[in-house]
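The values are calculated or read from the model by the stated rules, or taken from the named source; none is laboratory data. Treat the numbers as computed from the prediction; the structure is a model and nothing was measured. Virtual Cβ from ideal backbone geometry, glycine too; neighbours counted across all protein chains shown.
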Amino acid sequence: MSDIELVSTEPATGAFLWRGACGNVDAEVTEARASWPAWAAQPLSYRAEALRRFANVVRARGEDFADLIARETGKPLWEARGEVEAVMAKVDTSISAFAERTGQRRLDAQMGSRLALRHKPHGVLAVLAPYNLPADIPNGHIVPALLAGNAVVFKPSEKTPATGAFLVDCYRAAGIPEGCVRLLIGGPETGRALSEHPLIDGLLFTGSARTGLALNRRFAEHPEKILALEMGGNNPILVWDTPDLYTAAVLVVQSAFLGAGQRCTAARRLIVDQRLADPLLEQINALIDRMIIDAPHADPAPFMGPMIDNDAADRLTERFLNLSGKGGRPIRYLERPVEGRPFVTPALVDMTEAGERPDAEFFGPLLQVIRAESFEAAVAEANNTRYGLCAALVSQDPRRYDAFWANIRAGVINWNRPTTGTSPKAPFGGLGWSGNHRPGAFYAADYCAYPVASSEAEQARASIGVGLRDG
Ligand code: NAD
């Protein structure tokens with residue numbers, strides 16, 4: 001990688017995929033700045049129509065899009081197809097969300113005047129995106145931002161620039177003005193320069209807590225700008241009171257290892273009734289034994305592909321070894337089955353006896369196991385984190401779920417479903433280091449526009465009732 005161009009290669013094979021020049025932050029922001037007033041002045045129906053055309057463009061190019069996402073991230077083709085579906089579905093969801101969350105309302109009327117609530121776009125919004133869902137995540141910010149009447153400068157992850165470029169090309173092909181969605185190719189330094197640019201009105205960020213915290217500090221000096229942070233998690237899944245350990249094991253495997261564990265929603269900690277732990281781990285191990293880990297287009301289709309690159313796989317290997325150094329007992333070793341490529345097998349470490357359990361997001365297929373003596377101790381352990389994105393309980397007892405729901409701290413709380421199961425029809429965001437109370441998904445509308453309350457009358461009529469001398 002150089003600072004004048006980015007090269008993207010396929011994680012599964014190392015094959016060359018894409019090359020592109022790094023962009024100029026100032027030029028992109030200036031262009032967006034010049035274009036947004038005309039876009040904002042269009043009626044909402046015009047912008048909604050343009051975005052519906054965008055969904056149609058994505059539908060027509062869907063197979064190529066999924067193929068590219070799969071190649072660039074290494075995720076299985078079936079998973080990339082699901083991502084493309086989510087990109088298309090975002091348009092209708094955003095139109096509903098805009099109407100429900102940030103549309104117009106007449107609040108009351110008194111004596112010839114009315115109180116109206118309307119929303120205005122911020123102006124130019126920067127979007128910084130991660131690599132793991134390189135189309136769905138930025139699109140989840142961009143579609144509601146455009147619908148509300150903002151212009152966008154979008155910097156994809158330096159690990160998935162080709163997917164970012166494809167996405168922007170789809171907006172353009174739908175007739176959304178070029179000036180309104182600017183593509184900015186570059187790495188973290190480019191992201192930093194974009195976040196500091198004086199002419200942006202806000203920043204919509206999805207990525208790691210480390211970057212999010214740095215952005216939060218940077219924006220402390222700028223209360224006039226909107227900052228929406230969606231960050232990682234150290235998500236727990238609890239298994240308690242369930243006779244069906246096979247299903248529990250499936251839910252744990254889906255939670256921890258889908259997308260090779262490279263999901264913000266992935267479970268990092270399995271907290272289990274100590275009496276169920278051994279038979280449950282046996283079932284989980286049996287499922288991992290059968291798991292196909294292969295290139296995205298392989299036949300039979302894999303459950304998961306490689307990690308994004310060798311750096312990420314090396315870091316995860318180090319973390320696995322560190323856990324063992326901290327008193328963790330490996331139940332299943334992390335292996336690197338393909339020489340020179342970032343394929344990693346799911347690993348399990350029993351941390352019950354470990355003196356120190358690190359509160360960090362291990363972004364890959366590495367699950368820590370903690371055996372608990374009581375349900376209360378299990379919930380306390382689940383809450384023993386600075387993060388608060390997702391949590392799930394597997395249990396047949398509704399009273400357990402009531403207690404779990406009441407006491408767990410997370411923005412997504414699931415029952416007998418994986419931690420990874422989220423819906424675009426609901427808000428998505430977390431507490432603690434997982435976000436800054438600006439949830440996305442259905443509530444993305446909220447951070448794309450600001451409310452304006454107006455007291456209005458067609459004719460000026462006023463009298464000062466008290467406090468005047470007779471004149
Ligand atoms: P990252 O924080 O390394 O990078 C995210 C984006 O920020 C990239 O575009 C990157 O170039 C840019 N960036 C990096 N450093 C920067 C800096 N100092 N200033 C400005 N920009 C900077 O994240 P990643 O490794 O690409 O993605 C994985 C992370 O994203 C995980 O932590 C995961 O949990 C999180 N994530 C969160 C959600 C969510 O909705 N909460 C969804 C997906 C991923």
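Among the criteria (1) within 30 Å of D402 (Cα to Cα); (2) away from the ligand (no atom under 15 Å from the Cβ), the one L229 does not fulfil is (2). Exactly one residue out of R336, R268 is among the basic types (K, R), touching a residue at least 12 places away in the same chain (Cβ under 8 Å) and closer than 27 Å to T9 by Cβ, and it is R336. Of all residues in region 1-44, those that are touching a Phe, Trp or Tyr at 6+ places or on another chain (Cβ under 8 Å) and either in a helix (DSSP H, G or I) or of a type in the set (S, T, N, Q) (or both) total 3.
Only a single criterion out of (1) without any contact (Cβ under 8 Å) to a residue 24 or more places away in the chain; (2) more than 19 Å from A214 (Cβ to Cβ); (3) not aromatic (F, W, Y) is not satisfied by T163, namely (1).
Give region 282-317 a look and list any residue that's under 26 Å from L245 (Cβ atoms) and not in a loop (DSSP other than H, G, I, E, B), or say none. Of everything in region 282-317, those that are under 26 Å from L245 (Cβ atoms) and not in a loop (DSSP other than H, G, I, E, B) turn out to be E282, Q283, I284, N285, A286, L287, I288, D289, R290, I293, M304. For region 142-194, the candidate set comprises residues that are more than 8 Å from the ligand (Cβ to nearest atom) and among the basic types (K, R); within that set, the residue that is surrounded by the most Cβ atoms within 10 Å (Cβ to Cβ) is R182. Scoring D241 on the criteria (1) part of a loop (DSSP other than H, G, I, E, B); (2) not assigned by TED's automatic domain parsing to the domain that holds R371 leaves a single failure, condition (2).
Residue-by-condition table, conditions (1) among the small types (G, A, S); (2) assigned to a helix (DSSP H, G or I); (3) under 24 Å from N285 (Cα atoms):
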site: L367; (1), (2), (3): no, no, yes
site: I370; (1), (2), (3): no, no, yes
site: A378; (1), (2), (3): yes, yes, yes
site: E381; (1), (2), (3): no, yes, yes
site: T385; (1), (2), (3): no, no, no
site: A391; (1), (2), (3): yes, no, yes
site: Y401; (1), (2), (3): no, yes, no
site: A410; (1), (2), (3): yes, no, no
site: P418; (1), (2), (3): no, no, yes
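Among the residues of region 319-352, those identified as over 15 Å from G259 (Cβ atoms) and either within 16 Å of the ligand (Cβ to nearest atom) or of a type in the set (A, V, I, L, M) (or both) are R319, L321, L323, I331, L334, V338, A347, L348, V349, M351.
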